Structures are given as C-alpha cells and as structure tokens.
1. Which residues, counting only those in segment C:69-97, are open to solvent by less than 20 Å² (accessible area, probe 1.4 Å) and not aromatic (Phe, Trp, Tyr)?
2. I'm checking my understanding of the structure. Among residues of segment A:50-94 that are within 14 Å of the chain's Cα centre (by Cα) and part of a strand (DSSP E or B), which one is farthest from A:Ile190 (Cα to Cα)?
3. Residue check: is B:Leu101 modelled with pLDDT of 95 or more, within 13 Å of the chain's Cα centre (by Cα), surrounded by 19 or more Cβ atoms within 10 Å (Cβ to Cβ) and not in a loop (DSSP other than H, G, I, E, B)?
4. Could you grab me the full set of residues in segment A:154-171 that are open to solvent by 40 Å² or more (accessible area, probe 1.4 Å) and either part of a loop (DSSP other than H, G, I, E, B) or hydrophobic (A, V, I, L, M, F, W, C) (or both)?
5. Just to verify a result, which residue in segment B:1-15, among those that are at the interface with chain C (Cβ under 10 Å from one of its Cβ atoms) and in a helix (DSSP H, G or I), is most open to solvent (accessible area, probe 1.4 Å)?
6. Tell me which residues, restricted to segment D:164-183, are within 14 Å of another protein chain (Cβ to nearest Cβ) and of a type in the set (D, E, K, R).
7. Spot the failing condition for C:Ala153; the list is (1) within 15 Å of the chain's Cα centre (by Cα); (2) free of Cβ contacts under 8 Å to residues at least 24 places away in the same chain, and only one is missed.
There are 4 protein chains.
Amino acid sequence: MKIIIEENYEKMSRVAANVLLGKMYQNKRVNLAITAGSTPVKMYEYLVEDVKNKAYFDNVHYYNFDEIPFKKKTGYGVTMSNLNKLFFEPAEIDSDHIHPLDEKNYKTQDARIAQDGGLDLILLGIGADGHYCGNLPGTTTFENLTSVVDENATENMKDILLSEVGGDESERPDFYVTMGPKSVMQAKEIVLFATGAKKAKIIKQAFFGPVTNDVPASLLQVHPNLTIILDKEAAAELD
Amino acid sequence: MKIIIEENYEKMSRVAANVLLGKMYQNKRVNLAITAGSTPVKMYEYLVEDVKNKAYFDNVHYYNFDEIPFKKKTGYGVTMSNLNKLFFEPAEIDSDHIHPLDEKNYKTQDARIAQDGGLDLILLGIGADGHYCGNLPGTTTFENLTSVVDENATENMKDILLSEVGGDESERPDFYVTMGPKSVMQAKEIVLFATGAKKAKIIKQAFFGPVTNDVPASLLQVHPNLTIILDKEAAAELD
Amino acid sequence: MKIIIEENYEKMSRVAANVLLGKMYQNKRVNLAITAGSTPVKMYEYLVEDVKNKAYFDNVHYYNFDEIPFKKKTGYGVTMSNLNKLFFEPAEIDSDHIHPLDEKNYKTQDARIAQDGGLDLILLGIGADGHYCGNLPGTTTFENLTSVVDENATENMKDILLSEVGGDESERPDFYVTMGPKSVMQAKEIVLFATGAKKAKIIKQAFFGPVTNDVPASLLQVHPNLTIILDKEAAAELD
Amino acid sequence: MKIIIEENYEKMSRVAANVLLGKMYQNKRVNLAITAGSTPVKMYEYLVEDVKNKAYFDNVHYYNFDEIPFKKKTGYGVTMSNLNKLFFEPAEIDSDHIHPLDEKNYKTQDARIAQDGGLDLILLGIGADGHYCGNLPGTTTFENLTSVVDENATENMKDILLSEVGGDESERPDFYVTMGPKSVMQAKEIVLFATGAKKAKIIKQAFFGPVTNDVPASLLQVHPNLTIILDKEAAAELD
C-alpha cells in the first residue's frame with residue numbers, strides 16, 4: 001500500500017491524473033476502469049487537456065465499473081452519462097475505446113475484461129460508508145463478481161436509487177449493476193482517491209482497521225498493488 | 001484464479017515443482033516463500049534433483065512463512081528444521097540464500113521482505129480447517145501482518161503446539177509466529193497445492209464459498225494472481 | 001543475459017522444456033514462438049508429455065517464426081510441417097491455438113503478434129553460421145521486421161532451399177519468410193538453446209563477441225531478457 | 001516503439017516529466033537513469049515542482065549514465081554538476097538516493113545497477129551525430145558495457161572534452177566514462193526525447209534507418225520497450 005498525501009484537492013487531482021497518464025504511455029493495449037462522481041471532477045479537467053486529440057493514446061481503453069439504469073430513458077445510465085460528460089465527450093474519446101457495463105451485459109463483464117487482457121488499473125472513490133463502485137455495506141460480499149443489486153438489498157436503497165436519478169420517481173430503477181469486490185481485486189493495480197474532511201474517518205477505518213464486509217473498501221488493503229491518494233483533510237486521521 | 005488438476009499426487013507434485021522452477025530461471029533476484037509439511041514431500045524430491053549444484057540458481061532466495069520454536073532446544077524451530085531436512089540440506093542451498101523467520105525477528109519480516117524486493121511467489125498448503133501458514137481459524141484476521149499467536153488463541157492450541165514438537169511437553173512452546181493474511185496477499189503470485197480426498201471439501205469451501213475469517217484461506221481467492229494445483233481427489237468436489 | 005549450462009543434451013532439453021512450461025502456467029493468454037529443427041527434438045518429447053490433454057494450458061498460443069513454402073505442395077511449409085510432427089500433433093494442440101506464419105500472411109505477422117499482446121517468449125536455436133530463425137548472414141539486417149528472403153540473397157541460398165525441401169528440385173521454392181531481427185527483439189523474453197561441440201565456437205562469438213550483421217545472433221546479446229541454455233559441449237569455449 | 005509527438009518544447013517536456021512520474025508512483029524501489037544537457041531543462045523545471053519535498057517519492061533512486069571528470073577540480077564532474085544544478089539540488093533529493101557514476105567506480109556500474117534491481121527506466125537525449133550518453137560514433141560499439149573513452153578515440157575528442165569543461169584547457173580531462181550500448185539496452189524501459197529542427201534528420205535516421213555503429217542511437221530501435229518523445233520540429237521528417 002502506497003499512500004500519497006497532497007496539500008489540497010487540486011494537487012491531489014493532479015497526482016491522480018498523473019498516475020493514470022503514467023499507465024497510458026505504453027506501446028500496448030492499456031485497460032482502465034474509471035470512476036464517475038464528484039471526487040474526480042478536477043482530475044478529469046486535467047486529463048481532458050492531456051488526452052484530447054492525442055493520437056498516441058489510441059492504445060487506451062476505458063471501462064465503467066457500475067451502472068444505474070434509468071427506468072424509462074434509453075441510452076446510457078447514470079454512471080456512463082456522468083463519465084461521458086466529465087471525460088469521454090470533452091476528451092473526444094473514440095467510442096471503440098469505451099466499453100460500457102450496463103444492465104444487459106453485466107453477466108459477461110468479468111469474462112470480457114479477462115478476454116481483453118485484464119484491467120491494468122482501476123480508479124476508485126470511496127464513500128463515507130466505506131463503499132466503492134456499487135459495493136455498499138449490505139449489498140455485496142467479498143467473494144462476489146460483477147453482480148446485480150436489488151432495490152430491496154438494504155433499507156434505504158430505494159432512496160439511494162431515487163437520488164441517483166435526480167429525484168424523478170418515474171426514472172427510479174429497481175436495481176443496479178456493479179463489479180463486485182472479487183472483480184475489482186483482479187485488477188493489476190488499484191488506485192483509490194479521496195478528498196475532504198468528511199472522508200478522514202473512513203480512510204482510517206478502511207485501510208487501518210479490520211477487513212470486513214461492513215466496510216467494503218477494507219478488502220482493498222490486502223491487494224498487492226494499492227495506491228491511495230489523499231488531500232490533507234482526507235488524511236487527517238492517519239498518523 | 002487458475003486451477004490445475006492433475007491425475008495423482010506424483011503428477012501434482014511435478015507440476016508444483018515446475019511452477020517454482022519457472023519462476024527461478026530469471027536473471028534477477030527471485031524471492032520464494034515455501035512450505036513445510038507433508039504435501040510438499042514429493043515436490044521437494046523433484047526439486048532437489050533439479051536445483052542441487054546448479055550455479056545458475058544463485059539468484060534464488062528462500063523464506064519460510066511461519067515458525068514454531070522449541071521451548072528449550074536452540075537453533076531452528078519446527079518449520080525450518082523440516083524445510084532443512086526436505087529441501088535446503090539435500091539441495092545444498094547456500095545459507096546466504098535462506099532467510100529464516102523466527103520468534104526473534106518476526107516483527108521485521110514484512111519490512112525485510114519488502115526491502116528485498118517482495119516475494120515473487122509464495123507456495124502454500126491448506127489444512128482441512130482452511131488454514132494456511134499459521135493462520136488457523138481464530139488465530140489471525142485478514143488485516144494482520146506477520147504476527148505472534150499465543151497458546152491461548154484457540155481452545156486446542158496447546159494440543160496443536162504439543163503435537164508440532166512431537167509430543168514432548170518439555171519442548172512445547174507457548175506461542176508461534178506466522179506471516180499474516182495481509183503479508184501473504186502482498187506476494188506477486190500465490191500458489192496453493194493440495195492432495196487427497198480429505199482436502200476436497202475445504203478446497204470447494206475456500207475457493208468457491210464466502211470470504212470469511214472462519215475459513216482463512218478463503219481470502220486468497222481474491223488475489224489477482226492465484227494458482228491452485230490439485231490432484232483429482234482434492235478436486236473431487238469442484239464442478 | 002542468463003546462461004544455463006547443463007551436463008548433456010537430455011538435461012539441457014529438460015531445462016528448455018521447464019522454461020517454456022514456467023511461462024505457460026498463467027491465468028492469462030501466453031504467446032510462444034517456438035523453433036523447429038533438430039535441437040528441440042528431445043525438448044518436444046518432454047513437452048508433449050507435459051502438455052497433451054491438459055485443459056489448463058488452454059491459455060497458450062503458438063507461433064512459428066519462419067517458413068519455407070514448398071513450390072507445388074499445398075498446405076504447411078517446411079517449418080510448420082516439422083513443428084506439427086514434433087509437437088502440435090502428438091501434443092494434440094487445438095488449431096485455434098496455432099498461428100502459422102506463411103508466405104501469404106508474412107506482411108502482417110508483426111502487427112498480428114502486437115495485436116495478440118506480443119510474444120511472451122521466443123525460443124530460438126542457432127546455426128554454426130550465427131543464424132537464428134531465417135536470419136542468415138547476408139539475408140536480413142538488424143532493422144528488418146518480418147521479411148521475405150529471395151533465392152538470390154546469398155550465393156548458396158538455392159542449395160539451402162533445395163536441402164530444406166529434401167532435395168526435390170521440383171519443390172524448391174525461390175524464397176522463404178522469416179521474422180527479422182527487430183521482430184524477434186520485440187519479444188518480452190528470448191531463450192536460445194544449443195547442443196554439441198559444433199556450436200561451441202559460435203556461442204562464444206555471438207554472445208561474447210561484436211554485435212554485427214555478419215553474426216546475426218550477436219544482436220540478441222543486447223536484449224534485456226535473454227536466457228541461453230547450453231549443454232557442456234556447446235559451452236566448451238566459454239570461461 | 002511508441003512515438004509521442006507534441007506541439008512544442010514545453011508540451012514535449014511536460015510529457016517527458018509525466019512519463020518519469022508515472023514510473024515513480026510505485027510501492028517499490030524505482031531506479032531511474034537520467035540525462036543532463038539542454039534538452040531536459042524545461043522537464044526538470046516541471047519535475048522539481050512535482051518531486052520537491054514529496055516524502056512519497058522516497059522509493060526513487062537516481063543514476064547518471066556518463067561522466068566527464070574535471071582534470072584538477074575535485075568533486076562532481078560535468079554531468080553530475082549539471083544534474084545537481086538542474087534537478088537534485090532544487091528538488092532537494094537526498095544524497096542516499098543519488099548513485100553517481102564516476103571515473104573511479106565505472107568498472108562496477110553495471111554490476112551495481114544489476115544488484116540494485118536494474119534500471120526501471122533510462123531517459124536519453126540524442127545528438128545530431130546520433131550519440132546518446134557518451135556513445136559517440138567511433139567511441140564505443142554495440143557490445144560494450146560501461147566503458148572509458150580516451151581523448152584519442154576520435155579526431156575531435158580533445159575539442160569536445162575541452163568544450164565540455166567550458167574551454168578551460170587546464171581542466172580538460174583525457175578521458176570520460178559512459179554506460180555502453182549494451183548497458184543501456186538492459187534497462188526495462190528506454191525513453192528518448194528530442195526537440196527542435198536540428199534533430200529532425202537524426203531522428204529519422206536513427207529510428208527508421210539501419211542499425212549501425214555509425215549512428216549509435218540506431219541500436220535503441222530494437223529495444224522491446226522504447227518510447228520516443230518529440231516536439232513537432234524534431235518529428236518533421238517522419239511520415
């Protein structure tokens with residue numbers, strides 16, 4: 001486990017971008033699974049600038065690791081829509097290099113990634129509850145591969161799903177799909193980043209506490225190639 | 001996870017020896033942690049023949065991953081004595097290439113291995129109770145690095161320790177040391193092998209059941225580079 | 001450069017087989033380019049036994065690195081016919097895992113291998129004139145990728161081609177194809193093996209003398225991951 | 001061979017810095033050999049900012065690959081003085097992480113690097129004459145390891161040495177030391193960068209022309225992991 005602590009969100013985001021870029025400058029196919037959400041907003045701003053119109057990155061392929069489908073709307077779900085907006089569209093990534101996971105193909109996600117040569121790196125955020133990807137406490141367990149999670153998986157899952165689709169009940173799906181803990185652990189490298197004081201407690205708990213399904217991200221601490229990138233606030237509870 | 005099933009103990013042992021040899025033919029330092037016990041007896045017979053007096057294996061370094069000290073007797077404990085008899089002595093391995101873990105240096109085991117470049121491969125057996133190294137149910141938990149385990153860790157630990165020193169109460173130690181689950185997971189590659197019908201049930205449980213501290217070896221199923229080598233009897237409960 | 005010296009042809013062949021097997025026990029696609037000829041005869045005897053009917057080697061793919069087409073006979077040329085007889089047929093390798101280079105597809109050989117993820121290992125023999133693959137003195141130069149070599153490339157090329165097709169003038173082709181020096185150097189690992197006193201001089205010259213197109217194999221000494229496996233006779237001129 | 005072409009010197013320098021950083025974010029010792037001179041000036045400006053006071057880069061070790069000793073002055077020679085000024089001092093690199101090659105220890109350079117685990121990356125510039133490190137046409141040949149080059153090696157070597165020490169005849173040494181072609185090729189990855197129209201011709205010649213000692217850098221084109229980073233002017237003669 002390598003821990004990188006940077007002064008602030010901007011510098012943390014720059015390092016995260018650099019770690020991704022470092023994987024990308026290779027003369028072979030590189031497979032990256034990347035995260036949507038708010039943590040990576042700044043990182044994608046940097047990456048877009050570094051990646052847009054660069055023919056020399058035609059070796060890089062992108063994967064999403066979870067998806068929340070809209071109930072009625074067709075096309076991309078919540079995750080891919082967000083990735084599209086933050087990165088794929090502004091960076092003008094060719095669609096041949098984007099490999100969406102969705103509710104129709106999730107059963108083959110692990111096999112497809114293995115067939116493509118495996119993930120060189122998976123970039124994860126972490127929730128205050130210790131979740132990463134769609135692995136929330138009570139939804140998946142460590143031995144799960146890519147899975148569907150039902151609206152009844154936990155008490156408040158319906159609320160979470162409603163919130164994810166912007167509060168529009170007519171679009172609230174009754175499930176989502178996610179790469180499971182075992183799927184994520186198969187990546188050659190795992191990078192997890194976090195920003196802000198609200199993440200300080202879970203960072204300590206997940207990476208210096210017990211490995212338990214109650215804190216899903218705690219499993220990642222036993223991966224042989226894990227890098228954690230934090231700003232000072234998120235690292236505040238570490239020694 | 002790659003599963004290799006061979007017809008019988010001899011062929012399984014030959015494949016295990018080949019997997020180790022495959023790592024050893026390199027032009028750089030190679031660090032191997034290897035197992036004592038009964039499962040590897042035949043494998044070491046093969047290896048001794050392939051390794052003895054071979055100057056071209058002077059790049060290979062060996063580590064033990066647990067040790068049960070004798071209470072009075074000085075010198076090697078149970079594990080190193082066994083490895084010495086099965087492999088190091090007959091293969092005439094130079095002592096400079098053997099890095100014993102013992103009760104005096106266990107606190108630095110993880111740091112020393114990291115300093116040496118990490119383990120390229122760790123070869124493990126498995127007990128019917130799901131233990132590997134000295135990680136028995138109730139002794140260590142997934143987040144543990146190299147640890148000392150006390151004679152009171154479990155109800156029957158004193159009996160186990162007595163049995164390990166050959167039933168001589170005057171030599172029964174009140175603790176042993178072992179690389180913990182998190183230490184083992186840091187290896188670049190994990191190889192676990194098993195023989196015989198008495199292992200069939202635990203093989204299914206550990207590698208196709210839940211990841212739980214109740215079955216210590218179940219954690220290994222999430223390592224990104226795990227190979228399991230079985231004879232037909234040990235594989236009997238797999239599909 | 002790692003040099004492995006074994007007592008005799010049989011032991012040298014066993015080590016060569018072991019080095020190949022060591023690459024094959026992986027949970028990902030493995031691409032091997034392998035040599036025809038007389039040096040590998042014993043090695044393939046060993047390999048056939050280790051590989052035949054082993055479902056756990058379904059990750060391994062095989063490539064030939066040169067081909068001499070018959071003038072009239074259709075089907076495989078000299079190299080693939082030989083590999084078929086020595087290894088693919090007796091080991092019952094599935095045709096989906098064999099990727100023949102021939103006179104029709106040679107222009108795409110390098111691109112196809114790159115597309116498949118590159119060669120994990122290429123196993124080469126060496127001629128007394130310093131040739132490997134079809135890179136004979138006077139035919140290719142270090143910067144060449146996979147190339148066609150004409151019957152007029154060197155003074156005695158027509159004789160060589162005649163000899164290769166068994167002396168039947170009606171089958172003598174007027175060219176052959178070979179992976180060039182630059183193609184071979186792209187492999188992640190190069191293994192070269194040699195047997196017998198008649199190779200002793202060229203082994204010293206190629207690996208301890210000048211890097212020159214006059215001794216094609218001399219280029220291999222600068223590859224970052226080269227292993228040379230010799231019996232004592234072939235190693236006789238080394239210090 | 002991966003070719004990266006950027007619009008101008010600044011962007012080319014940023015990418016070169018990123019490639020180095022990408023290697024450095026690892027949880028293991030990383031060995032980098034880096035170049036002095038004018039090409040890297042901007043890159044080091046970027047790197048200093050990214051590396052200075054970053055405890056998380058305490059895994060990185062630095063090597064120089066050539067040295068021109070001053071005749072009278074003691075202490076660092078030309079190369080290390082330049083690296084010190086451009087990078088080590090402003091970035092406040094700990095001296096324990098700097099491994100100087102000099103005229104006293106050059107005979108052990110290759111062995112020391114091998115002992116340290118090998119070079120993960122060597123960053124090279126290129127001269128208009130095709131030289132890299134101290135491998136000028138007529139000084140070393142492809143099979144050379146780290147070598148001493150005499151003032152009489154080529155016709156104008158005395159002038160070159162005089163120029164390197166700033167024109168002070170009293171400081172002109174009668175030799176220099178350099179890692180040889182074979183030493184450089186042992187690195188796991190080679191990165192070569194160039195800027196400006198005056199490098200356009202040699203870039204084409206070295207990487208798309210014959211592999212010949214007359215153009216020392218031409219050997220690099222056969223390395224299995226070579227990245228070339230150019231600005232548009234340096235790439236002007238490529239298709």
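The values are calculated or read from the model by the stated rules, or taken from the named source; none is laboratory data. Remember, it's a predicted structure, so these values are computed and weren't measured experimentally. Here Cβ is always computed from backbone atoms with ideal geometry, including for glycine, and neighbour counts include all displayed protein chains. Calculation scope for accessible area: heavy atoms of the full protein, side chains included, ligands and nucleic acids excluded. Shrake-Rupley method; radii C 1.70, N 1.55, O 1.52, S 1.80 Å.
1. C:Pro69, C:Gly77, C:Thr79, C:Met80, C:Leu83, C:Ala91
2. Checking each candidate, the answer is A:Glu67.
3. On the way: modelled with pLDDT of 95 or more: yes; within 13 Å of the chain's Cα centre (by Cα): yes; surrounded by 19 or more Cβ atoms within 10 Å (Cβ to Cβ): yes; not in a loop (DSSP other than H, G, I, E, B): no.
For B:Leu101, the condition - modelled with pLDDT of 95 or more, within 13 Å of the chain's Cα centre (by Cα), surrounded by 19 or more Cβ atoms within 10 Å (Cβ to Cβ) and not in a loop (DSSP other than H, G, I, E, B) - is not met.
4. Applying the first criterion (open to solvent by 40 Å² or more (accessible area, probe 1.4 Å)) to segment A:154-171 yields A:155-156, A:158-160, A:162-164, A:166-170.
Once the filter is applied, which keeps residues that are open to solvent by 40 Å² or more (accessible area, probe 1.4 Å) and either part of a loop (DSSP other than H, G, I, E, B) or hydrophobic (A, V, I, L, M, F, W, C) (or both), segment A:154-171 yields A:Glu155, A:Asn156, A:Ile160, A:Leu162, A:Gly166, A:Gly167, A:Asp168.
5. Residue satisfying both the conditions and the ranking: B:Lys11.
6. As a first pass, look at segment D:164-183 and keep what is within 14 Å of another protein chain (Cβ to nearest Cβ): D:179-183.
Answer for segment D:164-183, where residues must be within 14 Å of another protein chain (Cβ to nearest Cβ) and of a type in the set (D, E, K, R): just D:Lys182.
7. Single failed check for C:Ala153: (1).
Per-residue answers, yes or no, for (1) of a type in the set (Val, Ile, Thr); (2) modelled with pLDDT under 95; (3) within 29 Å of C:Glu164 (Cα to Cα):
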position	(1), (2), (3)
C:Ala16	no, no, yes
C:Lys28	no, no, no
C:Val48	yes, no, yes
C:His61	no, no, yes
C:Asp66	no, no, yes
C:Lys71	no, no, yes
C:Gly75	no, yes, yes
C:Met80	no, no, yes
C:Leu86	no, no, yes
